[in-house]
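Quick note: the coordinates plus some simple rules give every number you see, no bench work behind them. The model shown is predicted, which means the values in this text are computed figures rather than measured ones. So basically every Cβ, Gly included, is an ideal-geometry build from the backbone, and we count neighbours across all protein chains shown.
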Protein chains: 2
Amino acid sequence: MAAHMKICTVVVLLFFVCFTSSVLLKSKKIQKNREVSKFSTSDYNYKTEYLTQKIDHFGFVNQDTYQQRYLIADQYWDPNGGPIFLYTGNEGDITLFCNNTGFMWDIAPEFKAMLIFAEHRYYGTSIPYGQTAFKDPKKMNFLTSEQALADYAVLIKHIKSSIPGSSQSKVIAFGGSYGGMLAAWFRMKYPNVVQGSLAASAPIWTFRKDADCDAFDRTVTGTFRKSSSACVDNIKALWKTLNTTASQASGLSKLSEIFHLCKPLKSADDVTTLKNWIVSALVYLAMVDYPYPSKFLAPLPAWPVKETCRPISTPLNGDNLIIGTAKAMNVFYNYTGSTSCFDIGSGDIPNLGISGWDYQSCTEMVAPSCSNGKSDMFEKSAWDFKEYTNGCLKNWKVKPDINWIETQYWGKNLSAASNIIFSNGLLDPWSSGGVLKSQSDSVVAILIPNGAHHLDLRGSNKADPVDVVSARNQEKKYIASWLKSP
Amino acid sequence: MAAHMKICTVVVLLFFVCFTSSVLLKSKKIQKNREVSKFSTSDYNYKTEYLTQKIDHFGFVNQDTYQQRYLIADQYWDPNGGPIFLYTGNEGDITLFCNNTGFMWDIAPEFKAMLIFAEHRYYGTSIPYGQTAFKDPKKMNFLTSEQALADYAVLIKHIKSSIPGSSQSKVIAFGGSYGGMLAAWFRMKYPNVVQGSLAASAPIWTFRKDADCDAFDRTVTGTFRKSSSACVDNIKALWKTLNTTASQASGLSKLSEIFHLCKPLKSADDVTTLKNWIVSALVYLAMVDYPYPSKFLAPLPAWPVKETCRPISTPLNGDNLIIGTAKAMNVFYNYTGSTSCFDIGSGDIPNLGISGWDYQSCTEMVAPSCSNGKSDMFEKSAWDFKEYTNGCLKNWKVKPDINWIETQYWGKNLSAASNIIFSNGLLDPWSSGGVLKSQSDSVVAILIPNGAHHLDLRGSNKADPVDVVSARNQEKKYIASWLKSP
């Protein structure tokens, strides 16, 4: 069997997802027929605006422009210099981030802040050259974090010059996941534009040549172990059991039946697809292990990792292990019970920016990823940058530069940075690449032991653990102090 | 007569020069037949090296590379982590900066520092796509300050990974004029790479929409007034006198004779050329008003402004004013006495990067420039950005963005910056756009009242005024403290 490679790609809603695939860079997507939450109507009251932006901020020969979408809410804003809270959009439709960053909405009245949610270029409706860009690598050339940050800087300048009363407004950036990385980098590169940043679950140190490639999977494993150590042992044993069963006579049809697959498994590749499907769920679950029912990419119960582990929380093997795992998968893939069979190899999430993130992963955003099968519960897989590069050349005709992000965004040397909060929920596998220790008095780490992926950015909830309540209070204090300083 | 527009362009040797021209962007160059100092042989001992650099650091589609030249001197370096002093090359052949930044050579032994002089892309021998680039706007696209800074960051990473003992070496950036701007911006944008910067005579606030367009000419005037107030009054009266004479019968031939021109004046445009030639000298003189004889672009006596003013230091008018001015011009254009006639309309300086700077002036580096003829001694001329833009579109097919530099490099808000010295000689007209007040404990201004354009970067000299000696001592102390901090 070919070595399996881990490929990290990003799915919307402040989520990064690691896909396991035997075909490099051919991202497996979450199955189509499970319910997804709908964001076509908003919980919040905002206006949609557009700004004409240069497609290339770093050159002058290409004078093309595109329309950047941004959402603006000024009902809480004090037009006598009240602050601007800017969400630095990440890889997806900006309405998703707008509707799922309740913290900004919760605190806007208290700070008398204007809210702006800026869409990241090449996502949502803000696509230079339109959808055809994704079929023409040359048109993708302007999809970089640097261009996105320049968009945000120009947008803020535009706001300040066009909205009366805002010219002296201080700007605080907010972002989660890749959006959190952008928020931090925005403060680092454009402190003239932004007074301070809350970078929630921002794994800025994942995208480095020397990153610990197994750290992500180890953290997923740790989050599951917190719920049940037997659960972890079972999952660790699962992969071999699946392989053994698959190699037996009528093993494929047995697996297809147990997992309620719409299309029966027919080959070793299909078994890999099944394993990817399971891995995706496990990774997602660790990221969204929230203390209350949530409805991001899937409707889930409170503490979904615990729920997932329930059918496999005693030592199992053979068919019992497979049957238990199939039950466990129902939590992530069929919590409402409305799905009669699973289409494991296909599926789209509305408003996903998968193509865009694939390109970013093939250029700047290279995250070494591997599993050792010992300190993590996944099948062993190595990090092979050469194969990764070949996949990128094939798919996008570009060569990733694994050193660039570290050079451009200061690597582990943040001593010259200021006014950045790095918050991390420790249940979240992406915390493994986050800034977990304060770097100085004004570049501070806030840890949320019982928090998953940027739980702190979500709206307050009665079920919130005390550590996220405390984190949000600390964040508010830092923001208030930044706004007071000159 | 058409309105005369001031065009600022930059000549090598850490000099910016303002040219006055009736033809926008058709830079007048310094005449050919006067002696220039030779830099083909070096005063210093260095090795020449090359690094393969990406032509486009900010995109991945274009994988082209070029050879960046850099000069390296390690004879003073302590290979057990001694610091690296990096000159961030500006618009010209790097050997010029290497051979004319004596301060770095003077202090290298004391600091046990390695010296590196990095050539700026599109100057010297470091030209992406070679000389043909200057004839193809598309190939000029990668001539930006951002790309140059990225080159320097990548170069330092290369040095540290390839020279044993240097991986932990701290880097201090040095630069004068545009090179000083780059040194400051390098620290601001890449503090992970550079520990601190000495930005000498770096007019970072000149390149702003809201810059005081007359400040430069006012400062030239002030420097002349220090030598002789009658000199300023005479120059102020000169332009009308020249116009009047030119309009008289046989006025043109009279002027041609008095100024010893090789080709007699034939038209109003030729008179403009003559005036440009005079203005260039006056501006240059203020910039290189050094306390000892120097030989940059022209061999000059000590305090050349005073020498220039000598023939026009009593109230003059009519022919006497013209005759006096012609004598004054001999200081700048013919100090050795070897020139029998002046070719005012042509001339090249070896190793000039005029084309490159023309392009930069037409993209990022827009310096509003004007004269009012009242607080300055020049002919009145307005700043017309529209006409400027049209010239750029005509010559380079690019449109300047007068707002970009301020957005990208923090404008007047340097509160988040650290470890930068902004030194300015107050005789230097470019001090008008410099940082003349300390912005914080670690972003400090050093003023040199008797200094011209980055006098402090030059090697020490017995004739140095006490203020430049003091400035260099302060600079050394700051550098030492940066090197001591973690």
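Brief remarks follow.
- Hey, residue B:380 more than 9 Å from every other protein chain (Cβ to nearest Cβ), of a type outside the set (Ser, Thr, Tyr), without any contact (Cβ under 8 Å) to a residue 24 or more places away in the chain and farther than 22 Å from residue B:298 by Cβ or not: yes
- Meets criteria (among the acidic types (Asp, Glu) and within 15 Å of residue B:342 (Cα to Cα)) for residue B:307: no
- All told, residue A:166 meets the bar of being over 27 Å from residue A:412 (Cα atoms), in a loop (DSSP other than H, G, I, E, B) and more than 20 Å from the chain's Cα centre (by Cα).
- Residue pairs whose Cβ atoms lie under 9 Å apart, sitting 6 or more positions apart in sequence or on different chains, and linking a residue in region B:127-153 that is more than 12 Å from chain A (Cβ to nearest Cβ) and under 25 Å from residue B:186 (Cα atoms) to a partner that is in a loop (DSSP other than H, G, I, E, B) and among the hydroxyl-bearing types (Ser, Thr, Tyr), are B:128/B:122.
- So residue A:389, is it at the interface with another protein chain (Cβ under 10 Å from one of its Cβ atoms) and either in contact (Cβ under 8 Å) with a residue 60 or more places away in the chain or not in a loop (DSSP other than H, G, I, E, B) (or both): no
- Within the set A:438, A:442, the sole residue that is more than 27 Å from residue A:294 (Cβ to Cβ) and within 11 Å of chain B (Cβ to nearest Cβ) turns out to be A:442.
- Residue check, residue A:169 in contact with a Gly (Cβ under 8 Å, 6 or more places away or on another chain), more than 12 Å from chain B (Cβ to nearest Cβ), of a type outside the set (Phe, Trp, Tyr) and more than 25 Å from residue B:55 (Cα to Cα): yes
- Filtered residues of region A:198-217 (kept if part of a loop (DSSP other than H, G, I, E, B), away from every other protein chain (no Cβ under 14 Å) and hydrophobic (A, V, I, L, M, F, W, C)): A:202, A:207, A:211, A:213
- The condition (being in a loop (DSSP other than H, G, I, E, B), more than 14 Å from chain B (Cβ to nearest Cβ) and either over 20 Å from residue B:404 (Cβ atoms) or of a type outside the set (D, E, K, R) (or both)) is satisfied by just one residue among A:68, A:75: A:75.
- Residue in region B:415-430 that is of a type in the set (A, V, I, L, M), part of a loop (DSSP other than H, G, I, E, B) and within 14 Å of chain A (Cβ to nearest Cβ) present: yes
So that you can scan it fast, the table gives a plain yes or no per residue for (1) part of a helix (DSSP H, G or I); (2) over 23 Å from residue B:170 (Cα atoms); (3) not hydroxyl-bearing (Ser, Thr, Tyr):
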{"residue": "B:90", "(1), (2), (3)": "no, no, yes"}
{"residue": "B:116", "(1), (2), (3)": "no, no, yes"}
{"residue": "B:120", "(1), (2), (3)": "no, no, yes"}
{"residue": "B:139", "(1), (2), (3)": "yes, yes, yes"}
{"residue": "B:146", "(1), (2), (3)": "yes, no, yes"}
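- Filtered residues of region A:439-454 (kept if part of a strand (DSSP E or B) and either surrounded by fewer than 24 Cβ atoms within 10 Å (Cβ to Cβ) or more than 18 Å from the chain's Cα centre (by Cα) (or both)): A:443, A:444, A:445, A:446, A:447
- Subset of region B:470-484 (residues that are without any contact (Cβ under 8 Å) to a residue 40 or more places away in the chain and either in contact with a Gly (Cβ under 9 Å, 6 or more places away or on another chain) or buried (at least 21 other Cβ atoms within 10 Å of the Cβ) (or both)): B:481
- The test for being away from chain A (no Cβ under 12 Å), buried (at least 22 other Cβ atoms within 10 Å of the Cβ), in contact with a Pro (Cβ under 6 Å, 6 or more places away or on another chain) and touching a residue at least 40 places away in the same chain (Cβ under 8 Å) holds for residue B:433.
- With respect to the conditions (1) in contact with a Lys or Arg (Cβ under 7 Å, 6 or more places away or on another chain); (2) of a type outside the set (Phe, Trp, Tyr); (3) within 14 Å of chain A (Cβ to nearest Cβ); (4) not in a helix (DSSP H, G or I), residue B:401 lacks only one, and its number is (1).
- The residues in region B:297-320 that are surrounded by 22 or more Cβ atoms within 10 Å (Cβ to Cβ) and part of a loop (DSSP other than H, G, I, E, B) can be counted, and the count is 2.
- Evaluation of residue B:459 against the conditions (1) buried (at least 17 other Cβ atoms within 10 Å of the Cβ); (2) more than 30 Å from residue A:194 (Cα to Cα); (3) in contact (Cβ under 8 Å) with a residue 40 or more places away in the chain shows that the sole unmet condition is (1).
- Selection count where residues are away from chain A (no Cβ under 14 Å) and under 22 Å from the mean Cα position of the chain (by Cα), scope region B:363-377: 7
- Residues being touching a residue at least 60 places away in the same chain (Cβ under 8 Å), away from every other protein chain (no Cβ under 14 Å) and in contact with a helix residue (DSSP H, G or I) (Cβ under 9 Å, 6 or more places away or on another chain) are entirely absent from region B:184-197.
- The single condition among (1) in a helix (DSSP H, G or I); (2) surrounded by fewer than 24 Cβ atoms within 10 Å (Cβ to Cβ) that residue B:184 does not satisfy is (2).
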